[in-house]
1. I need a count of the residues in the range B:151-162 that are more than 8 Å from chain A (Cβ to nearest Cβ) and not polar (S, T, N, Q).
2. Looking at (1) within 14 Å of chain B (Cβ to nearest Cβ); (2) in contact (Cβ under 8 Å) with a residue 24 or more places away in the chain, which is the only condition A:TYR94 fails?
3. Which one of these is touching a Leu at 6+ places or on another chain (Cβ under 6 Å) and either touching a residue at least 12 places away in the same chain (Cβ under 8 Å) or more than 9 Å from chain B (Cβ to nearest Cβ) (or both): A:ILE44, A:ILE84, A:ILE76?
4. Answer yes or no as to whether B:SER99 is surrounded by fewer than 20 Cβ atoms within 10 Å (Cβ to Cβ), of a type in the set (Ser, Thr, Tyr) and over 14 Å from the mean Cα position of the chain (by Cα).
5. Could you please find all residues in the range A:111-130 being in contact (Cβ under 8 Å) with a residue 24 or more places away in the chain and within 12 Å of chain B (Cβ to nearest Cβ)?
6. Select, from A:GLN48, A:GLN22, the only residue that is modelled with pLDDT of 90 or more and not hydrophobic (A, V, I, L, M, F, W, C).
Amino acid sequence: MSYKKIKEMWENSNKNFLHNNQNFDSMIKTAIDGKKQTALAQLIKRYQMFSRLSIVCIFTGAGMFKYLDLPMNIRILTLLAFAIYLSTAGIMDYWLYSKLSEIDIANMKVSTVSSIIGKCRKRHHQFMMILIPMCMIIVGIIIFGSVNNKWALGSVICGVIGGIAIGACQYMRFMKNYQTLSEEDNDYNFM
Amino acid sequence: MTPSYAEYRLHGITYVLKWLRYALISLVSSEPPLYNPVHGSRFTIGSIEARFIEIINDNKALINKICYFYANSTDDFKDLQQDAIINIWKGMSSYNGESKTTTWIYRICLNTCVSTWRKNKKFKSHSPLTHSIDIIDDPTEKDEQMEQLHYLINCLNSSEKMLIMMWLDEMSYDEIADVCGLNRNTVATKIRRIKEKLYKLSQTLI
């Protein structure tokens, strides 16, 4: 097949797209009304929400720890580890939020946008790799402190299972809004 | 605090320069700039809306086409269309008409697809969306040709797809380089390679 033929096919497809009677009115209205956000805007908003939430959780967590049936030294250690974990998560989410906020779809070049997205996605995975061990350390400390209390131990285990489920669900939601840059399809790296 | 005479003068000069730039753009460009640096926008909110609707209607085929080639499913296609339209609306305030509307639309649509495109392996196949999306209104159109073209384009990776789409739309190498953020020579080399790849792929169709 010659290029001429391919071009001809392309022009035919143009006609098809042009004659497509799909109604853009509702989409235009949605855009003007500003009721719907783009996937990127939703992702940015979610990072912002999580960065704020982690700061709030430090204080609420501190308030709740006094109810934990743990020895005082373990309680302080847990509280400290919890605060470090949440502040790290908050900083990481804020970094991702600020990096993604830099994207200007209307004026940036495609290579710039794709490199920012790729970088953020990579960092998201790296941050997860830092936060998961930190979380496991906290759980380990709590388990160590509540070995003698079977009810507390049971609660911790239930909490861990619930946490994993919620974490996995949130992780999937985050990843859904990212461009997938897997090794096999890492084709946006122009530079 | 009252501004000094020098500040007034500077402000006046800036004002005149901005107006001159604005007038020059209006003269050179076939389309009037939406953004007026002096009064924010030359158009009222209503006229920005009118211009936006006009741009969307004029470039409906282009938006459809880009989103279509980057979508993996009907839902993806609709989401991409909606996101692209939202981004065009958001970008209206910064669009000054310096670049061609099609180039601007291309940039926004490609950036939208790059930043939101989701790869779902379940849907990833070389079979195009011709059957899942009601693209062709006229049943007499060459459906087979559409499928062949989709097959060929979907065999390329995303950056190749982007370059060949712009090349097929007869955009100049400079325009392509401007949208992609690549060197002009790199664009030329890449397009040559893609054309060779397309040619080889097309041989498998025969």
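The values are calculated or read from the model by the stated rules, or taken from the named source; none is laboratory data. In this text the structure is predicted, and so the values were computed from the model without any measurement. Here Cβ is always computed from backbone atoms with ideal geometry, including for glycine, and neighbour counts include all displayed protein chains.
1. Selection size over the range B:151-162: 5.
2. It fails just one condition, (1).
3. So the residue among A:ILE44, A:ILE84, A:ILE76 that is touching a Leu at 6+ places or on another chain (Cβ under 6 Å) and either touching a residue at least 12 places away in the same chain (Cβ under 8 Å) or more than 9 Å from chain B (Cβ to nearest Cβ) (or both) is A:ILE44.
4. Spelling it out, it is not the case that B:SER99 is surrounded by fewer than 20 Cβ atoms within 10 Å (Cβ to Cβ), of a type in the set (Ser, Thr, Tyr) and over 14 Å from the mean Cα position of the chain (by Cα).
5. A:SER111, A:SER114, A:SER115, A:ILE117, A:GLY118, A:CYS120, A:ARG121
6. Step by step, each of A:GLN48, A:GLN22 is checked, and only A:GLN48 is modelled with pLDDT of 90 or more and not hydrophobic (A, V, I, L, M, F, W, C).
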